[in-house]
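The values are calculated or read from the model by the stated rules, or taken from the named source; none is laboratory data. Remember, it's a predicted structure, so these values are computed and weren't measured experimentally. With ideal geometry, Cβ positions are generated from the backbone for all residues, glycine too; neighbour counts draw on all protein chains shown. Only protein heavy atoms, including side chains, enter the accessible area calculation; ligands, DNA and RNA are left aside. Shrake-Rupley method; radii C 1.70, N 1.55, O 1.52, S 1.80 Å.
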Amino acid sequence: MNVAIVKYNAGNIYSVVNALRRMGIDPLLTDDAEQLMKADRVLFPGQGEARGAMEYLMAHGLDRAIRDLTQPVLGICVGQQLLCKHSEEGDVDCIGIFDAEVKRFRPEKHEDKVPCMGWNALYGLKSPLYKGFDSLSPTGQSLPYVYFVHSYYVPVCEDTIAVADYILPYSASLQKKNFYTCQFHPEKSGHVGELIIKNFLEL
């Protein structure tokens, strides 16, 4: 399988490369639109700042290229946020796959820390991305836990396929047509994250 990872000015891309290599896949890391179009699967990961990331993507024509992809695409962390229509981070218009606004967490209590960092549970699961997981309520005993690091979030919307709670319920994962996302880092989420990546590759 030909798997491509979008290369742009964002951190944490190499942890995704290493996760795929552990699964026996040697991905192509590229900012070439034609190579992305040819791939069987495209991953769009990253940590960083939305405005700077969008400036790089637009300068290289990658915003249009990503929007036109027809194979399964997985946005991770900032990749999820950049697939939305607008981000409060830098007040920037993004790629616009999802009709959603990315908002900054606003602490409500003294113990609310931003960024949100650490392990958290997923619930309200749907979509083939979560094949093999039980969809339970927030009071369930067997919720899958995954690793998050983020200061911005996507509100729950019609494209939400997994929810997490931090200060408020928010979209831990989205899906629209061939575009799938994870606000968390599956490559840092142990066997749960590995299963999510495996499900994505098998879509």
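Starting from the Cα of Arg106, move 7 Å in the Cα-to-Cβ direction to define the label point; list residues of the range 144-166 whose amide nitrogen is under 17 Å from there.
Residues 151-156, 166 qualify, since their backbone N sits under 17 Å from the label point.
How high is the relative contact order of the range 154-203, in percent, counting Cα pairs under 8 Å that sit 6 or more residues apart? Before the final figure, lay out each step's value.
Values: 57 pairs, mean separation 10.8, N = 50.
Rounded, it is 22 percent for the range 154-203.
Quick one: pull the percent of accessible area on the range 1-139 belonging to carbon and sulfur, 1.4 Å probe, ligands and nucleic acids left out. Mind showing how you got there, number by number?
Numbers: 3200 of 6680 Å².
Of the solvent-accessible surface of the range 1-139, carbon and sulfur hold 48 percent.
Sequence gap at least 6, Cα distance under 8 Å: using those rules, report the relative contact order of the range 55-203 to the nearest whole percent. Each step should come with its number before you reach the end.
Details: 298 pairs, mean separation 37.5, N = 149.
Normalised by residue count, the contact order of the range 55-203 is 25 percent.
What nm distance separates the two modelled labels at Lys198 and Asn2, each placed 7 Å from Cα along Cα→Cβ?
Each label point lies 7 Å from its Cα, and together they span 2.6 nm.
Mind ordering 13-25, 73-85, 146-158, 174-186 by average Cβ neighbours within 10 Å, highest first? Can you show the working numbers first?
Details: 13-25: 15.5, 73-85: 26.6, 146-158: 18.5, 174-186: 22.8.
For the peptides 13-25, 73-85, 146-158, 174-186, the packing ranking is 73-85, 174-186, 146-158, 13-25.
If you consider only alpha-carbon coordinates, what radius of gyration and Dmax does the chain have, in Å?
That works out to 15.7, 49 Å for Rg and Dmax.
Between Gln71 and Cys157, what is 0.36 nm times their sequence separation minus the Cα-Cα distance? Round to one decimal in nm. Write down the numbers at each step before the final one.
Values: separation 86, 0.36 × 86 = 30.96 nm, distance 2.31 nm.
That works out to 28.6 nm of additional length.
Any idea how many Lys pairs in the range 1-140 come in under 27 angstrom at the alpha carbon, given 8 or more places apart or on separate chains?
Lysine pairs satisfying the spacing and distance rule in the range 1-140 number 10.
Extension gain Met23-Lys38, at 0.36 nm per residue separation less the Cα-Cα distance, in nm? Walk me through the numbers on the way to the answer.
Working: separation 15, 0.36 × 15 = 5.40 nm, distance 2.12 nm.
Here the segment from Met23 to Lys38 would lengthen by 3.3 nm.
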